[in-house]
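Engineer: The structure under discussion is supplied below as structure tokens; questions concerning it will follow.
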Amino acid sequence: MTQELRDRAIVLGTVDYGESDRIVTLLTRDHGKVGAFARGARASRRRFAGALLPFTLLEVRLVPRRSDLFGLSSCAIEESFAGLRDSLEAISLAGHAAELCRELCKEREPHPELFERLRAHLAALASGEAGEAERLAFELGAVADAGLSPRLDACVRCGGGVEGARACFDPEAGGLLCARCEFAASGQSVRLGTEALELLRQAQLAALAVREGAPGEPRVEARREARQAVRRYLRHVLGKELRSLAVLRQVGLEP
């Protein structure tokens, strides 16, 4: 008899299949990113009862199948994060967070820390408490959970200290370069002022739970520099730009 799996899961996205079915991408707490086949999800209003909306936190029952997909035998809503649907900005940012998690995770590779991070981030977005500094902390924490954290405490090449008014962040090198090692910087490097560098360092510390909460909201120039550094780093580690960034630009959350 096929053993049924029980887990908590966040809906990352859905695709309609055939006339009545749906394929759901889930980030589960204990089994990682999985695809699940929800038979009759579009035809029956009772079986899944609106539970398969993106960004919904569920309790799920999964049945292994011969294909790469699980069967979604049943689910129950634990938290819908209803506040996300009240704001175009919030739901756009939720889509960005979900896409980042989907791209960072391999199939069926457990990332319980990332699951909890996404759950907390969606709750912050739904309540309107996720400022730009908190969003940076989420992104840096997500790549850290995936084992891809950039080095921000010292030079990634020689280990020397990196301070000063215009630090060099090189995504291809994997972090900061000191003045002596800047000669090796790629064309994707970003210059960071003192405030932007401190913002990134504080966001990374917050993401790794070294301190409570994300840093306060920085000035516009520091936010721009820090955002550019993180965007280029994500593009480097993922090998492409996230599609959700185009949506964020449309709603005025990205330059």
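Engineer: Do we find that LEU122 is buried (at least 22 other Cβ atoms within 10 Å of the Cβ), touching a residue at least 60 places away in the same chain (Cβ under 8 Å) and outside any loop (DSSP other than H, G, I, E, B) in this structure?
Structural biologist: On the way: buried (at least 22 other Cβ atoms within 10 Å of the Cβ): yes; touching a residue at least 60 places away in the same chain (Cβ under 8 Å): yes; outside any loop (DSSP other than H, G, I, E, B): yes.
So LEU122 passes the test.
Engineer: Considering only residues that are farther than 17 Å from ARG231 by Cβ and open to solvent by 40 Å² or more (accessible area, probe 1.4 Å), look in the stretch 129-158 and name the one that is nearest to the chain's Cα centre (by Cα). So that I can check it myself, show each step before the final result.
Structural biologist: The first filter runs over the stretch 129-158 and keeps only residues farther than 17 Å from ARG231 by Cβ, leaving 129-131, 145, 147, 151, 153-158.
Now drop any that are not open to solvent by 40 Å² or more (accessible area, probe 1.4 Å), which leaves 129, 147, 151, 153, 156-158.
Working: GLU129: 17, GLY147: 13, ARG151: 19, ASP153: 22, VAL156: 24, ARG157: 27, CYS158: 30 Å.
Per the criteria, the residue is GLY147.
Yes or no, residue by residue, for (1) within 24 Å of LEU88 (Cα to Cα); (2) assigned to a helix (DSSP H, G or I):
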site	(1), (2)
LEU100	yes, yes
GLU109	no, no
ARG117	yes, yes
GLU129	yes, no
GLU134	yes, yes
GLU139	yes, yes
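Here is a yes/no grid of residues against (1) in contact with a Leu (Cβ under 7 Å, 6 or more places away or on another chain); (2) of a type in the set (Ser, Thr, Tyr); (3) without any contact (Cβ under 8 Å) to a residue 24 or more places away in the chain:
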| site | (1), (2), (3) |
| --- | --- |
| ARG29 | no, no, no |
| PHE48 | no, no, no |
| VAL60 | yes, no, no |
| SER74 | no, yes, no |
| ARG85 | no, no, yes |
| GLY95 | no, no, no |
| ARG108 | no, no, no |
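Engineer: Specify the residue that is nearest to GLU103 (Cα to Cα); the eligible residues are those in the stretch 35-61 that are aliphatic (A, V, I, L, M) and in contact with an Asp or Glu (Cβ under 7 Å, 6 or more places away or on another chain).
Structural biologist: Here is the first cut: in the stretch 35-61, the ones aliphatic (A, V, I, L, M) are 36, 38, 41, 43, 49, 51-53, 57-58, 60.
Adding the requirement that they be in contact with an Asp or Glu (Cβ under 7 Å, 6 or more places away or on another chain) leaves 38, 41, 57-58, 60.
Values: ALA38: 22, ALA41: 25, LEU57: 19, LEU58: 21, VAL60: 22 Å.
Filtering first and then ranking leaves LEU57.
Engineer: Right, something else. Determine which member of the set ALA196, ALA203 is closer than 11 Å to ALA229 by Cα and open to solvent by less than 10 Å² (accessible area, probe 1.4 Å). Show your work before the answer.
Structural biologist: Details: ALA203 fails: closer than 11 Å to ALA229 by Cα.
ALA196 is the lone residue from the list that is closer than 11 Å to ALA229 by Cα and open to solvent by less than 10 Å² (accessible area, probe 1.4 Å).
Engineer: Right, something else. Working only within the stretch 209-247, note down all residues that are among the hydrophobic types (A, V, I, L, M, F, W, C), modelled with pLDDT under 95 and surrounded by 15 or more Cβ atoms within 10 Å (Cβ to Cβ). So that I can check it myself, show each step before the final result.
Structural biologist: Kept after step one, since they are among the hydrophobic types (A, V, I, L, M, F, W, C), are these residues of the stretch 209-247: 209-210, 214, 220, 222, 226, 229-230, 234, 237-238, 242, 245-247.
If we keep only those that are modelled with pLDDT under 95 too, we end up with 209-210, 214, 220, 222, 226.
Answer for the stretch 209-247, where residues must be among the hydrophobic types (A, V, I, L, M, F, W, C), modelled with pLDDT under 95 and surrounded by 15 or more Cβ atoms within 10 Å (Cβ to Cβ): ALA214, ALA222, ALA226.
Engineer: Among the numbered criteria (1) touching a Gly at 6+ places or on another chain (Cβ under 9 Å); (2) part of a helix (DSSP H, G or I); (3) farther than 22 Å from LEU148 by Cβ, which one does ARG85 miss?
Structural biologist: Among (1) touching a Gly at 6+ places or on another chain (Cβ under 9 Å); (2) part of a helix (DSSP H, G or I); (3) farther than 22 Å from LEU148 by Cβ, ARG85 violates only (1).
Engineer: Please list, ordered by first then second residue, the pairs with beta carbon atoms under 6 Å, 6 or more apart or interchain, first in the stretch 186-206 and closer than 18 Å to ARG157 by Cα, second among the aromatic types (Phe, Trp, Tyr) and buried (at least 17 other Cβ atoms within 10 Å of the Cβ).
Structural biologist: Close Cβ pairs (under 6 Å, with a partner that is among the aromatic types (Phe, Trp, Tyr) and buried (at least 17 other Cβ atoms within 10 Å of the Cβ)) amount to VAL190/PHE169; LEU192/PHE169.
The values are calculated or read from the model by the stated rules, or taken from the named source; none is laboratory data. As the structure is a computational prediction, the values presented were derived from the model and not from experiment. Glycine gets a Cβ as well: all are built from the backbone with ideal geometry, and neighbour counts include every protein chain shown. These accessible areas exclude ligands, DNA and RNA; they are computed on the full protein's heavy atoms, side chains included. Shrake-Rupley method; radii C 1.70, N 1.55, O 1.52, S 1.80 Å.
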